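Read through the structure below, which is laid out as structure tokens, and then see the notes.
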Amino acid sequence: MRFEAWFFDVYPTPGGMATWWIGRDGGRVRLVDPWRPALYVAGAPPELEAIRGRLAGDRRIARIVSERRREFWSPAPAPVLRLEVVSPRAWDPLVRELGRALGPARLFNADLPLGQRYCYERALFPLARCRVEADGPLLRAVESLDSPWALRPSLPPLRVLELAPTDGVPYRLPGAALDLLVRSAAGEERLDGREPLGLLRRLARRLEAEDPDLVLTDWGDQLLIPALVALAGAHGVELPLDREAALPRPRGAGAAVVAKSGRQAVGGAGRSYLSYGRVLYRGPAWPLYGRWHVDRRASFFYGETGLEGLLEAARLARVPVQRMARTTPGTAITSMQLDLVVGEGVLVPWKKREPEAFKSGLALLTADKGGLVYRPRPGLYARVGELDFASMYPAIMVHHNVSPETVNCACCGGVLVPEDGYRVCWQRDGLMRRVLGPLVELRRQLKHAMRASAGSEREALDRRQTALKWIGVVSFGYLGYHNARFGRIEAHEAITAFGREALLRAKELAEASGFRMLHGLTDCLWLERRGAGEADYRALAAAIGKATGIPVGVEGVYRWIVFCSARILPKTTVPNRFFGVFEDGRIKARGIEFRRDDTPPLVCAMQERMLTVLAAAEDLAGLRALAPRARRIAEAEVRRILAGQAPPPGLVITRRLSMAPEEYVKDDFQVLAARQLLARGLRLEPGQSVQYLVIDARARRREARVLAVPLVEDRSPYDRAFYAALCRQAAATLLDPLGDPLA
């Protein structure tokens, strides 16, 4: 049987890989591909013969073949054994045993997630339009008919079912009912958690009737799916969360199955980890079989770029969607690198093996720098142009051929890196240039297409290009990440050196054309010149792009912009704290209260209303004239709070824990709230967020200072002076630079 269909999902199953397809006729089809993954063992020929003899009787290995292959960090091929594994489900235990027996340094292509590996070898990617040949339930052949780099791909319509807790709280006290909000094209309804049997039966009927492809949840991994699975088990109800009902669900908090499958392990325990100085928490993963489950509250890509951006990243990286939803842009760029390397037959080491070269203290001071920052003076400015280097660091990697294997190469003299003294190979294209070149070009095409579109089409294009932006940004950071598979700190340092040089060159060109540089931040410049219009800024951007080899765009020309004073040192500024309005009416703000996650919703809404009023100003005189109107908004909100008329849910503060509640010495508000929950049987881990209402910030009894959500009610009291001060502070951010402070 031959047909055309979109490739939907893949995961290990007995006999091979289960693949799911969406047919052009709307049918959903499951086929098993009897695919056999392979890993490689390196060593001297006598050692390899001994290993062959020891493994010859292992029934998990279908074939052992002697080959010569090159690994990524070596220029010449070497002898290896290719071990073809009988079934993907035998992969993980076999790799663990070989790792213990032979050591990780001897194994190659051993820890590539199988879903991704399958896509590399079959030249597939999520939602690829394919020509499929099947023999009953077996997949015999598949051919992709489109490219992941398509500007306007043809995608199938997806059936979506949304699930969320009705109160929006990401945790539940033990024994508390879980009220559920269910939404789809068929309508919206609220399911009462006090009647669990009715809730389960109604949800089961909707799943069966609507047969969704995507179950989109709020806090699904952390809260909803495990709670629903436990509830269904307790009441003996068959809840068809999966399309493939034969695969078992885990039991117990520590259970986990299908690890390294190209999907996250099901169930298991969450974990806390440190990233860029912040403690984060990743909850247990609950993917579905035959459907997608995306937790929009736990997905970086969905949170930053929506479904369009998530699908774009999954397609380009050839990563199954449920895995892509639960990982970061680092996984995407690594997978793009792996796809290229595996496709060329190059072996991938299990662990990173390229150490940092020795440097003297003086060399470290010279090389170990970040992007260039030029602090602005605080105050109001008019007719300021913002110029942005387009995908600066990815563009540097492409333009200058910076890649882990090209920095200080042994094959040629190379091109000198500014400041650092490194040299970059000019004889061969590096891995990063080959991976990022198409990505930079596709992002350019998407941004160009945005200018000719509007409405939902423009929003979709913007989300896709934003996903590419994040992959590009992280591609630079991953070169310096100590665990990155293709990382090398010297390449990371070379990129920042080229970036600093480009920003300085841009400053020189701008000043030579009569512009004054107000602010510079890594890849952006804020410039002014009396009488300059957008055409002048575009001409300057073109000249800078030509001189540096990196495209430069004009983000816009501000009617007015305010660079905010630092609170501790008012005569200085925080580089990324400003607000302003472009000539087309767009508001741009960074670092102020409504952009922060820990600002109460009521304060955020107040500051946004004030900024909307100020955005109507055409110039600085108009801005000052509108300040009293904005001030009155803040005064009204402060009066409402002091009168006790503000709704408590709008005053809830969300903060992230950096340690376990019992490890804190200081009684911060978030710690007190976490301890309240702990006393009621709910433990929050480091990296998880806790929500609370401040009852009395100065109460002698610590327990009386805050009230943790979900203990907050509509009539809960709150500290009026504390919240009035938060409103005044947010108002002062906008009003103080205008000379109209709040009384």
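A few points about this structure:
- In the set (1) in a loop (DSSP other than H, G, I, E, B); (2) at pLDDT below 85, the condition left unmet by TYR273 is number (1).
Residue-wise test of (1) under 12 Å from GLU386 (Cα atoms); (2) out of contact with any Asp or Glu (no Cβ under 8 Å at 6 or more places or on another chain); (3) modelled with pLDDT of 95 or more.
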site: THR522; (1), (2), (3): no, yes, no
site: ALA542; (1), (2), (3): no, yes, yes
site: GLY545; (1), (2), (3): no, yes, yes
site: GLY549; (1), (2), (3): no, yes, no
site: VAL552; (1), (2), (3): yes, no, yes
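- Considered as a group, the residues in the stretch 423-455 that are among the charged types (D, E, K, R) and closer than 22 Å to THR334 by Cβ include one that is modelled with the lowest pLDDT, and that residue is ARG428.
- Restricting the stretch 640-666 to residues that are among the charged types (D, E, K, R) and surrounded by 13 or more Cβ atoms within 10 Å (Cβ to Cβ), the residue that is farthest from GLN691 (Cα to Cα): ARG640
- Among the residues listed as PHE108, PHE125, the single one being touching a residue at least 40 places away in the same chain (Cβ under 8 Å), out of contact with any Asp or Glu (no Cβ under 7 Å at 6 or more places or on another chain), of a type in the set (A, V, I, L, M, F, W, C) and assigned by TED's automatic domain parsing to the domain that holds ASP9: PHE125
- Qualifying residue in the stretch 60-71 (condition: out of contact with any Leu (no Cβ under 8 Å at 6 or more places or on another chain) and either part of a loop (DSSP other than H, G, I, E, B) or under 24 Å from PRO320 (Cβ atoms) (or both)): no
- Taken as a whole, the condition of being basic (Lys, Arg) and either under 30 Å from LEU197 (Cα atoms) or crowded, with 19+ Cβ neighbours inside 10 Å (or both) applies to ARG172.
- Selection within the stretch 382-433 - of a type in the set (D, E, K, R) and not in a strand (DSSP E or B): GLU405, GLU419, ASP420, ARG428, ASP429, ARG433
- Subset of the stretch 717-743 (residues that are over 14 Å from CYS564 (Cα atoms) and either at pLDDT 95 or above or outside any loop (DSSP other than H, G, I, E, B) (or both)): PRO717, TYR718, ASP719, ARG720, ALA721, PHE722, TYR723, ALA724, ALA725, LEU726, CYS727, ARG728
- Filter result (farther than 22 Å from ASP584 by Cβ and among the aliphatic types (A, V, I, L, M)) within the stretch 609-648: ALA627, ILE633, ALA634, ALA636, VAL638, ILE641, LEU642, ALA643, ALA646
- Residue in the stretch 58-70 that is in contact (Cβ under 8 Å) with a residue 24 or more places away in the chain, of a type outside the set (Val, Ile, Thr), in contact with an Asp or Glu (Cβ under 7 Å, 6 or more places away or on another chain) and surrounded by fewer than 16 Cβ atoms within 10 Å (Cβ to Cβ) present: yes
- The stretch 700-722, residues that are in contact with a Pro (Cβ under 7 Å, 6 or more places away or on another chain) and closer than 11 Å to VAL652 by Cβ: VAL712, SER716, TYR718
- Within the stretch 97-116, the residues that satisfy the criterion of being outside any helix (DSSP H, G or I) and surrounded by 20 or more Cβ atoms within 10 Å (Cβ to Cβ) are LEU107, PHE108, ASN109, ALA110, LEU112, PRO113.
- So VAL80, is it hydrophobic (A, V, I, L, M, F, W, C), in contact with a helix residue (DSSP H, G or I) (Cβ under 8 Å, 6 or more places away or on another chain) and not in a helix (DSSP H, G or I): yes
- Criterion (in a loop (DSSP other than H, G, I, E, B) and at pLDDT 95 or above) met by exactly one of ALA674, ALA699: ALA699
- The residue of the stretch 117-136 that is nearest to ALA332 (Cα to Cα), among those that are assigned to a strand (DSSP E or B) and touching a Phe, Trp or Tyr at 6+ places or on another chain (Cβ under 7 Å), is ARG129.
- Figure legend. Inter-residue proximity from the stretch 451-470: first residues at positive phi, second residues surrounded by fewer than 19 Cβ atoms within 10 Å (Cβ to Cβ) and of a type in the set (D, E, K, R), beta-carbon distance below 7 Å, spacing 6+ or different chains. No pairs are indicated.
- Strands (runs of 3 or more DSSP E) fully within the stretch 513-596 that include at least 2 residues being of a type in the set (Ser, Thr, Tyr): 552-565.
The values are calculated or read from the model by the stated rules, or taken from the named source; none is laboratory data. As the structure is a computational prediction, the values presented were derived from the model and not from experiment. A quick note on method: Cβ atoms are made from the backbone with ideal geometry, for glycine too, and the neighbour counts reach across all protein chains shown.
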